[in-house]
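Heads up, the thing below is written out as structure tokens.
The values are calculated or read from the model by the stated rules, or taken from the named source; none is laboratory data. Since the model is a prediction, treat every value here as computed from it, not as a measurement. Here the Cβ positions follow ideal geometry from the backbone for every residue, glycine too, while neighbour counts run over all protein chains shown. The accessibility values were calculated without ligands, DNA or RNA, using every heavy atom of the protein model including side chains. Shrake-Rupley method; radii C 1.70, N 1.55, O 1.52, S 1.80 Å.
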Amino acid sequence: MSSYNPRRVRVDTPLLERVINGRPITYLDSASSTLPPRPVIEAMARYYELRHANVHRGVYQTAVEATDVYEGARAATARFINAPQGMDEVVFTKNTTESFNLLAKSWGAANLKAGDVVLVTEMEHHANIVPWFQLRDQTGIEVRFVPVSDDFRLDVSDLDRLLDGVKLFSFTAASNVLGTRNPVKELTRIAHDHGALVALDAAQSVGHQPTDVVDLDVDFFCFSAHKMLGPTGLGVFWTRAAILESMPPFLGGGGMIADVRRDGYVPADGPTRFEAGTPPIAETAGLTAAIRYLEGLGLANIARHEDELTGDALKRLANEFDGRVRVIGPADTVDRGGVLSLDVDGVHPHDVAQVLDQFGVCVRPGHHCAKPLMRRFNLAATARASFGPYSLTSDTDVLLEALGSAVTMFA
Amino acid sequence: MANLDDLYREIILDHYRTPRNRGELSSPPAIRTEGFNPLCGDELVIYLDIQDDVLVDIKLSGHGCSISQASSSMMSAAVKGKTIDEVRAAIERFKQLMTVHETTLDGNGEAPVADLRTMGELAALQGVVKFPVRIKCATLAWNTLSQGLDDYGVQGTGSK
């Protein structure tokens, strides 16, 4: 039984008690990073207060407990995304970006050769573009893009031809700029029909809708803890055990080896092969707490709530400001998350965000690490507002009030 | 608390709404230099027509926020017709104006800034220092101008 009430989440989130420029904070930047609730913060503090030790090393009590915290988080994560072979398929990284670098530099470098094609989309975050360009520059693979249509959705009309020769189709579950949610299962089925594997950037989806990698049928799955109420500095890379076992190590050093001699080394088996050096341990305690907290709220409930907020905000933004504020993204809530990229006529996003700050409103101005997408729509930047599980329509009220001020100031 | 009026002075908004010296010069002979602010996506192109050690003409194109647009517009008005030495000196003065002093951030008294009397309209940009993340917006044009002079080996007589 879950009991979801966004007001309760608000009370649980200490940062939302801040007053900025004389106004209660209006946090609308959850697509950048979500705010951790008290249980997450306390889990990390408790770890440092009671259990801190390095993992996989000592035999003393606290070292065993620290290892339990770390491996327990791996198990919790496996359950959270429904990894079929459990925790042996879950690799901890630094963030989604590092997960994609692991994919490109380990699996990609070992399995792709000159002329092979990696298909991405025009709405990808740079994290799912640049590692492929780097691999292209090293090995001569081809990086191909699925275009985005004027309705802010993937243009799949030519997908069969685009998938020709593709070894990996790597795309985002939800755009961090447009809010568009892609039809993951359908795209995955088509890619598999063409013999391609599928990697999913789930950074923008894991904290906002239920996740099941078996149901999605994807082959690789990447996300960050801090986008699902967890801490920064911790990311996740998941792939099927059969693929993971075949992947060569990524970073080298301590922790990732079975043996080291003067003439070489033998890498460890399983996920630890990809976890060189002392990992973020307290952060995994935070991730476990975040997973439990989200499961308590129910991700389907969060999705429904954010859907309502988004629908309400889209309607009000369309009706006010005489068309001076344009939403760069789908105009309805069908297959759409709570990300509202705003283009204010005659006002640069940086100036919009600066005025909004005076009202305590936190939005993100910029290109959102998606420059190919921004170019597609002839934009240098947008001011992006995005919802989280603690967001309320009163946040939209303040956003509209502050936007009104920005529009007036630069009129 | 930093007040928004410190940032968006009327003269800044005026330059933003009606920027001076917008346009292009054919290059060559004009020097063409690009500047980028990778964080916000702002792009600026500066064209410089330099003859006999004098910046005879300057044109700007590109896009950016009110602060970067106003700063580049004011810069163009301030340096047009000046000798290269004078342009270099203006760049130095402006960079000094944009330097963050701890006292400014604490709000405890005024920082020892450049002599504002010599800066004309540019002094209006002084308030930007109270918004540290916006300093890059204000300095984009000046850094690009400086880069343009450096790239093309333009030396003032005084710097030989």
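For the range A:289-311, indicate whether the set of residues that are within 14 Å of another protein chain (Cβ to nearest Cβ), modelled with pLDDT of 95 or more, buried (at least 19 other Cβ atoms within 10 Å of the Cβ) and part of a helix (DSSP H, G or I) is non-empty.
Narrowing the range A:289-311 to residues within 14 Å of another protein chain (Cβ to nearest Cβ): none.
Looking through the range A:289-311, none of the residues is within 14 Å of another protein chain (Cβ to nearest Cβ), modelled with pLDDT of 95 or more, buried (at least 19 other Cβ atoms within 10 Å of the Cβ) and part of a helix (DSSP H, G or I).
Against the definition (out of contact with any Leu (no Cβ under 6 Å at 6 or more places or on another chain) and at pLDDT below 95), how does A:G264 come out, yes or no? Criteria met by A:G264.
Condition check ((1) part of a helix (DSSP H, G or I); (2) more than 12 Å from every other protein chain (Cβ to nearest Cβ)) across all residues:
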position: B:D6; (1), (2): yes, no
position: B:T33; (1), (2): no, yes
position: B:F36; (1), (2): no, no
position: B:D49; (1), (2): no, yes
position: B:V56; (1), (2): no, yes
position: B:S68; (1), (2): yes, no
position: B:D85; (1), (2): yes, yes
position: B:I91; (1), (2): yes, yes
position: B:F94; (1), (2): yes, yes
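In the range B:27-65, which residues are in contact with a His (Cβ under 7 Å, 6 or more places away or on another chain) and in contact (Cβ under 8 Å) with a residue 24 or more places away in the chain? Of everything in the range B:27-65, those that are in contact with a His (Cβ under 7 Å, 6 or more places away or on another chain) and in contact (Cβ under 8 Å) with a residue 24 or more places away in the chain turn out to be B:C40, B:D42, B:G64, B:C65. Residues that are open to solvent by 10 Å² or more (accessible area, probe 1.4 Å) and outside the structural domain of A:G329 (by TED's automatic domain parsing) number at least 1 in the following strands (runs of 3 or more DSSP E) confined to the range A:117-202: A:142-146, A:166-172, A:197-201. Of everything in the range A:351-369 that is facing chain B (nearest Cβ under 7 Å) and in a strand (DSSP E or B), the residue that is nearest to A:A411 (Cα to Cα) is A:P365. Answer with yes or no whether A:F321 is touching a residue at least 24 places away in the same chain (Cβ under 8 Å), within 13 Å of another protein chain (Cβ to nearest Cβ) and either open to solvent by 40 Å² or more (accessible area, probe 1.4 Å) or not aliphatic (A, V, I, L, M) (or both). Answer is no for this residue.
For the range A:336-350, filtering for residues that are within 13 Å of chain B (Cβ to nearest Cβ), open to solvent by less than 20 Å² (accessible area, probe 1.4 Å) and outside any strand (DSSP E or B) leaves 3.
Within the range B:38-47, the only residue that satisfies the criterion of being open to solvent by 10 Å² or more (accessible area, probe 1.4 Å), more than 18 Å from B:V128 (Cα to Cα) and facing chain A (nearest Cβ under 8 Å) is B:E43.
Would it be correct to say that A:R364 is of a type in the set (K, R) and either more than 18 Å from B:G64 (Cβ to Cβ) or free of Cβ contacts under 8 Å to residues at least 24 places away in the same chain (or both)?
On the way: of a type in the set (K, R): yes; either more than 18 Å from B:G64 (Cβ to Cβ) or free of Cβ contacts under 8 Å to residues at least 24 places away in the same chain (or both): no.
No.
Determine, yes or no, whether A:T333 is assigned to a helix (DSSP H, G or I) and not hydrophobic (A, V, I, L, M, F, W, C). Answer is no for this residue.
If you go through the range A:50-69 one residue at a time, do you hit one that is within 27 Å of A:S205 (Cα to Cα) and open to solvent by less than 40 Å² (accessible area, probe 1.4 Å)?
yes
Counting only residues that are open to solvent by less than 80 Å² (accessible area, probe 1.4 Å) and within 14 Å of chain A (Cβ to nearest Cβ), the range B:8-31 holds 8 of them. Residue-level check: of (1) more than 13 Å from chain A (Cβ to nearest Cβ); (2) in contact with a strand residue (DSSP E or B) (Cβ under 9 Å, 6 or more places away or on another chain); (3) without any contact (Cβ under 8 Å) to a residue 60 or more places away in the chain, B:M75 misses just (3).
Conditions tested, residue by residue: (1) of a type in the set (D, E, K, R); (2) open to solvent by less than 40 Å² (accessible area, probe 1.4 Å); (3) not in a helix (DSSP H, G or I).
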residue: A:Y4; (1), (2), (3): no, no, yes
residue: A:R8; (1), (2), (3): yes, no, no
residue: A:V11; (1), (2), (3): no, no, no
residue: A:L16; (1), (2), (3): no, yes, no
residue: A:T34; (1), (2), (3): no, yes, yes
residue: A:R46; (1), (2), (3): yes, no, no
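None of A:A331, A:A380 is under 23 Å from the mean Cα position of the chain (by Cα) and facing chain B (nearest Cβ under 10 Å) except A:A380. In the range A:285-328, what residues are over 27 Å from A:L342 (Cβ atoms) and hydroxyl-bearing (S, T, Y)? Correct list: A:T288, A:Y293. Could you grab me the full set of residues in the range A:368-385 that are open to solvent by 10 Å² or more (accessible area, probe 1.4 Å) and within 19 Å of A:A31 (Cβ to Cβ)? Those that are open to solvent by 10 Å² or more (accessible area, probe 1.4 Å) and within 19 Å of A:A31 (Cβ to Cβ): A:C369, A:K371, A:P372, A:R376, A:F377, A:L379, A:A380. For the range A:386-401, the condition of being part of a strand (DSSP E or B) and crowded, with 24+ Cβ neighbours inside 10 Å holds for at least one residue. Of B:G64, B:G35, all but one fail to be under 19 Å from B:E121 (Cβ atoms), touching a Leu at 6+ places or on another chain (Cβ under 8 Å) and not hydrophobic (A, V, I, L, M, F, W, C); the exception is B:G64.
When the residues of the range A:218-251 are narrowed to those that are assigned to a helix (DSSP H, G or I) and not aliphatic (A, V, I, L, M), which ends up most open to solvent (accessible area, probe 1.4 Å)? Working first, answer last.
Within the range A:218-251, the first condition is being assigned to a helix (DSSP H, G or I), and the residues that meet it are A:225-227, A:241-246.
Filter once more, so that each one left must be not aliphatic (A, V, I, L, M): A:226-227, A:245-246.
Details: A:H226: 33, A:K227: 31, A:E245: 130, A:S246: 75 Å².
Selected residue: A:E245.
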